[in-house]
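The values are calculated or read from the model by the stated rules, or taken from the named source; none is laboratory data. These numbers were taken from a predicted model, which means no experiment stands behind them. When we count neighbours, we look across all protein chains shown, and the Cβ atoms used for this are built from the backbone with ideal geometry, even at glycine. With ligands, DNA and RNA removed, areas are computed over all heavy atoms of the protein, side chains included. Shrake-Rupley method; radii C 1.70, N 1.55, O 1.52, S 1.80 Å.
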Amino acid sequence: MRGLKMREKTARIATELLEVLTRNGAATKKALWSQTPDDVFIYAFAPHGTRGRDVHVALKEKWLRITVHETEKVPTSAMNPPTPACKRPIQSVVLCGKLAFRVRVGDEEDADWEVTDVFDSTLAPRRAVRVHLRK
């Protein structure tokens, strides 16, 4: 009984958090976003284990691209033992597209990002790149 109440409480908290993260915005399979009159917050879902040094964010006035650099393990066998060369770098596009409105890009303080954990639209915990843009 106690476990059920705890799961219900966790689901309620996650639902409330999702409402905050999508205020005046939306939730999609790739990202969550919200906005205020001055700011836009985008949470782009990234692969599990993503670190800040793996992320690259490119921004223009009406365009955003978020990529994550990962390593792909090359299959090995007893005849082909693993070596450092058995990992190939790959680049995944997490989110890319045209923005509906212009954002400021001139100053360092106009946009920033970080890697964090959030709940997605199914209330499952996910790794995400949080991008803060100023209108």
Q: Highest first, please rank the peptides 11-18, 50-57, 29-36 by the mean number of other Cβ atoms sitting within 10 Å of their residues.
A: 29-36, 50-57, 11-18
**Q.** Gain upon complete extension [Lys9, Lys60; 0.36 nm per residue less C-alpha separation]
**A.** 14.3 nm
Q) Under a point spin-label approximation (7 Å from Cα along Cα-to-Cβ), what is the Arg53-Leu99 distance to one decimal in nm? A) 2.9
Q. Tell me, what is the per residue accessible area of segment 1-76 in Å², probe radius 1.4 Å?
A. 69
Q) Given R₀ = 41 Å, FRET efficiency for Thr116-Arg2 by Cβ-Cβ distance, to 0.05? A) 0.85
